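Report on the structure given below.
The values are calculated or read from the model by the stated rules, or taken from the named source; none is laboratory data. Only a predicted model underlies this, so the values are computations on that prediction, with no experimental measurement involved. Here the Cβ positions follow ideal geometry from the backbone for every residue, glycine too, while neighbour counts run over all protein chains shown. Ligands, DNA and RNA are stripped out before the accessible areas are found, and what is left, the full protein with its side chains, is counted by its heavy atoms. Shrake-Rupley method; radii C 1.70, N 1.55, O 1.52, S 1.80 Å.
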Protein chains: 2
Amino acid sequence: MSENEPKFRREPAQQRKEALIEATLTLIAEQGIRGATVREIAKRAEVTQGLIRHYFSSKEELISAAYEYHMKVMTQLTEGTDLQANTSGKTRLVRFVESGLTPPVVDPRAVSLWAGFLNKVRADAQMFEIHEQTYHDFRGRLEALIGEALNEANILITPPRLRSLAIACNAVMDGLWMEGGALPDAFEPEELPRIGLESISAIIGLELTQTTEGQS
Amino acid sequence: MSENEPKFRREPAQQRKEALIEATLTLIAEQGIRGATVREIAKRAEVTQGLIRHYFSSKEELISAAYEYHMKVMTQLTEGTDLQANTSGKTRLVRFVESGLTPPVVDPRAVSLWAGFLNKVRADAQMFEIHEQTYHDFRGRLEALIGEALNEANILITPPRLRSLAIACNAVMDGLWMEGGALPDAFEPEELPRIGLESISAIIGLELTQTTEGQS
DNA sequence: TCAATATTTATACAAACGTATAACTATTAG
DNA sequence: CTAATAGTTATACGTTTGTATAAATATTGA
């Protein structure tokens, strides 16, 4: 009669936290922060709602933790591609653009998350700091790569002009990323990186679409 | 003793509806759709909550009406600039880009609204249709202007290539619009249209920054 | 094997939510 | 001036929300 099946399993703290955060992010992407209720989060993570309060002292704290986690993952996604150092700046720029305009960076969920967090990021000082740092870091890396690529080609450029080019290229990438994520069926798979590279080539005045170096 | 001050005023139906919709949009921009509660909407519109149900049979209907209203306003904002017909395509393209990259189109509230509506637009078929139509309309207009400007300069271009250029220019505008709205203090007032025109000039291969025609 | 402990479940509560309906009153038509 | 109408307020109801606390149980160390 009495089956001694355990009624629940205890998981390592970090693993549970991550599961709760993942469920939170999915729900925020689907229904916004207010739509990510503690009960629904618990259901998705397959625990009861009381457990959330055991790991996070409030919903506010869970949301902040989820944001931090997400931004870290996104940063790693755009960093990870390039490990071998002796590739040219031009090639690294090409790869940076390509990886930023293909999955998993281009992804409906990522765009939805950006939208879902926007207001909260504006209101919360700590989250705003994380956002600004990530944004400037991304643009700074793009600016450095453009500078190196132009330098290799012996194209001279002033710092303010380089800043403008970086803002413009960043805007192209942001725009394509947003549209690719918001309208996933409106573009062919290779269309986004192709248009991105063509546009950035034109903007910085250096052809990027015919790479002679080996493609990883 | 008994002052015969009227306890409320009756307003024309359309005026009340618009006030309710405006309050709704402001709240959606601030806190998302779920944050736009009927009670808070009523408070902002300075009426009691019961009145909302007199004009809209449900919150769902109010949200849809607010979206339709907002998209109409945004469309008019990007249409309105150009009335005199005998200006060149190049000039009209310049004005189109400039007006799309300055207030009131570039505006934190507009970006927040875009973010706030994103999920709902994906889920609701009717709202999705409105969104797609507006988006394609905008890009179509941009594509036509680019085509005319290039044609005037005797630059030949194939239709698929024109499509790519339009997607790219649209992405530049979207990206700058988004960044200008999300980080209002990160750019100088003239920086966005300047960078936009420079980038689009480079992308389509036609200089737009030195206009010889009169500027409105 | 058994007590100690931290994880997990279970239950409860006040506040806020969308909705429904009744009561009031400014406005209009005759 | 009066009655009818529709805009508006007022109140209420069942659910869902975030939070709080008690109870149960899986796991660990001695």
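Couple of notes before you dig in:
- Within region A:134-156, one or more residues are polar (S, T, N, Q), at pLDDT below 95 and in contact with a helix residue (DSSP H, G or I) (Cβ under 8 Å, 6 or more places away or on another chain).
- Hey, residue B:144 within 16 Å of DNA strand C (Cβ to nearest atom), surrounded by 13 or more Cβ atoms within 10 Å (Cβ to Cβ) and away from chain A (no Cβ under 14 Å) or not: no
- Looking at A:120, A:72, just one residue is open to solvent by 40 Å² or more (accessible area, probe 1.4 Å) and more than 14 Å from chain B (Cβ to nearest Cβ), and that residue is A:72.
- Residue in region A:43-62 that is open to solvent by less than 80 Å² (accessible area, probe 1.4 Å) and at positive phi present: no
- Failed condition for residue A:149, given (1) touching a residue at least 40 places away in the same chain (Cβ under 8 Å); (2) within 28 Å of residue A:183 (Cβ to Cβ): (2)
- Considering residues of region B:151-187 that are more than 26 Å from residue A:190 (Cα to Cα) and assigned to a helix (DSSP H, G or I) only, the residue nearest to the other protein chains (Cβ to nearest Cβ): B:182
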